[in-house]
């Protein structure tokens, strides 16, 4: 079997994230991803997975792989991406999120709407509690929970001047447990490792972190894998059997 190159944008927000534009419906995201020539996307709303299943269903209809993900805010107020393979894992992690998210009501005027929509972009629900709050769980605890469910754990935009490991801790811990690190579009892997050579053991990828529809696919990584599956994605992060990530 031959390695194939798959274009992947692994960090996209829907209208469910309070900072997500109202155009960020699942169908709009899927259509935009196809227009951009993406093969894989991941829906990673803040501290929730409730818009993932519909986007996956639409993705299958349009020949697009949609990974189940979420962007979690840890007790340190650093953002971390978690990826899951199946509905059971996702449902269990959603229960975990519901338990540990502070019960602070969302202020729509200040933070934005947190809408759940259907395939026809009709509003079918709304998250009452502010999703961008930090969970009462620290980085290490969160790693254990995600891995305990069989998920993948990736600190988000680690070089970003806010809501990242570097902004919150001042550095990326040398003993950090993670499956990969995400970089923002503002730096290359080469430039990042020039200043942080101790992190060269990690796989890196870049994503759009899209909150507006035009940003979907604007930044992406090239995953060289033997097929489209969660198992292949996990092996690519580990660099198994020649799999690798380019465009970073």
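Every number in this text was worked out from the coordinates using simple rules, so none of it is lab data. This is a predicted model, so every value here is computed, not measured. Note that we place each Cβ from the backbone using ideal geometry, even for glycine, and neighbour counts take in every protein chain shown.
Numbers at a glance
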quantity: Nearest-0.05 FRET efficiency for residue 4 and residue 126, computed from C-beta distance (R0 25 Å); calculated: 0.05
quantity: Residues 6, 83, 113 arranged by fewest to most Cβ contacts within 10 Å; calculated: 113, 6, 83
quantity: Label-to-label distance, nm, for residues given as residue 214 and residue 177 (7 Å Cα→Cβ offset); calculated: 4.3 nm
quantity: Neighbour-count ranking [beta-carbon atoms within 10 angstrom, fewest first] of 221, 162, 25, 167; calculated: 162, 167, 221, 25
quantity: The stretch 4-246: antiparallel DSSP beta bridges as a percent of all, rounded to 5; calculated: 65 percent
quantity: Ascending count of other beta-carbon atoms within 10 Å, so fewest first, for 73, 188, 236; calculated: 188, 73, 236
quantity: Scattering profile of the stretch 41-108 at q = 0.16, 0.19 Å⁻¹ [log10 I(q)/I(0), Debye over alpha-carbon scatterers]; calculated: -0.57, -0.76
quantity: Kirkwood-type radius of the stretch 98-248, with distances r between different C-alpha atoms, in Å; calculated: 17.8 Å
quantity: Debye equation applied to the C-alpha atoms of the stretch 1-84, log10 I(q)/I(0) at 0.11, 0.15, 0.24 Å⁻¹; calculated: -0.29, -0.52, -1.14
quantity: Helix-only mean residue ellipticity at 222 nm for the chain, each DSSP H run of n ≥ 4 adding -39500 (n - 2.57), per residue, nearest 500; calculated: -7500 deg cm²/dmol
quantity: Separation in nanometres of the label points that stand 7 Å from Cα toward Cβ, at residue 57 and residue 194; calculated: 4.9 nm
